[in-house]
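Heads up, the thing below is written out as structure tokens.
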Amino acid sequence: MYRPGRNKWEAECTVCKAKLAHTCVCPIKVQAILKRKWTQTNIGKLCKYFHIYTVRTESLKEYCDFVDIEYRRMLSHSKTRWLSLFPGIERMIQMFPALKAFFLSQQKPPIVIKKFFENEFSEIYLWHMHSLMSAFHTHIQDLEKEKNSIMEVKKIMNSIHTILLERKSNNFMSLKVKGLLAQKRSDGLGKEYDQFCADVQGLYSTCLEYLEKWMTPMEEFSTFTWMDLSEPPEWNDVEACIKFLGEKGVVIDDVKCFDQVTNLKRFTERASGPRRGTSCLFESLKGILFVQYNLKDMSCKDFHAYLLSNRKLLGKISSTAKYRWADKEDEEEKQDEED
């Protein structure tokens with residue numbers, strides 16, 4: 001997963017944390033409602049059951065017609081494709097009535113799949129897993145971005161942790177899950193209902209325990225939190241970074257750094273006014289740093305002459321193409337032309 005131009009350790013760390021967010025759901029096998037890690041392993045088994053057998057697929061289509069739902073191809077999942085679990089669960093939910101009717105009518109279906117569909121709470125289990133995985137899925141997408149810094153990764157992991165804490169403290173279950181649970185309780189399954197609710201709490205606790213275990217090594221980088229510039233930097237925070245780096249053998253001139261931080265603070269305070277968002281601030285900083293670094297050997301006079309001699313570059317500077325709103329307008333115009 002290492003890419004040229006990117007710090008190798010940073011790249012591996014980002015991939016590792018994406019894997020961590022995914023595998024955080026794996027300890028659910030300890031507290032799983034069905035007391036087995038059914039979701040990940042058997043989504044694959046379910047797909048394989050239909051994958052090369054056209055007769056089985058055609059039979060499933062008939063069951064789809066019988067229960068009046070649209071047939072959809074089952075989605076596979078593997079341990080290394082971290083973004084495939086959530087869509088796989090979602091597809092199972094969409095096909096659940098047909099799948100249940102199909103497997104319970106078979107003479108010799110796979111035992112583990114048969115037991116799953118025989119369980120009265122199997123659909124509720126899937127819905128709750130779907131709710132839980134929705135939070136992980138979006139964060140894993142953010143973690144897999146190519147240019148994440150270590151602080152951005154830490155921020156994403158903290159967000160997952162906060163969501164899980166809130167869900168646990170509120171014993172969160174989606175309205176869909178609550179509705180299905182209420183129906184089971186009215187059907188006389190009160191004992192199973194209580195067990196499910198207890199397992200939900202156990203599920204959140206297990207996820208949090210696993211997540212906290214692997215987030216601990218990242219705490220030493222907390223001193224760099226100010227670098228996301230979500231608010232103007234304070235010198236005490238920057239000074240802590242200088243001390244941290246000094247202990248690692250990286251010497252920084254704190255006198256010059258103080259003056260630079262002062263200028264940065266003034267810039268962030270002005271740039272992040274009521275009409276300017278953080279994205280505007282970062283884009284401005286990015287542009288300034290690109291120019292400063294790539295043209296560091298060029299004087300202001302030479303830079304001016306260079307711009308005047310490059311008509312193509314001047315055209316891009318004066319064009320609206322560099323703005324996102326311009327891209328949207330171009331897309332709308334193209335759409336109107338096609339219509």
Compute the separation of the alpha-carbon centres of the range 176-248 and the range 52-128 and state it in Å as a whole number. 31 Å
How big is the range 139-197 by the Kirkwood estimate over distinct Cα pairs, in Å? 14.1 Å
Rg over Rh, two decimals, the range 196-269 (C-alpha only, Kirkwood Rh): 1.25
Express in nm, to one decimal, how much length is gained between residue 252 and residue 71 on full extension, taking 0.36 nm for each residue of separation and deducting their alpha carbon distance. 58.9 nm
Between residue 239 and residue 165, take the C-beta separation as r, use R0 = 41 Å, and let me know the FRET efficiency to the nearest 0.05. 0.85
Given a Förster distance of 22 Å, report the FRET efficiency between residue 111 and residue 195 from their Cβ-Cβ distance, rounded to the nearest 0.05. 0.50
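Every number in this text was worked out from the coordinates using simple rules, so none of it is lab data. This is a predicted model, so every value here is computed, not measured. Ideal geometry is used to build each Cβ from the backbone, glycine not excepted, and the neighbour counts take in all protein chains shown.
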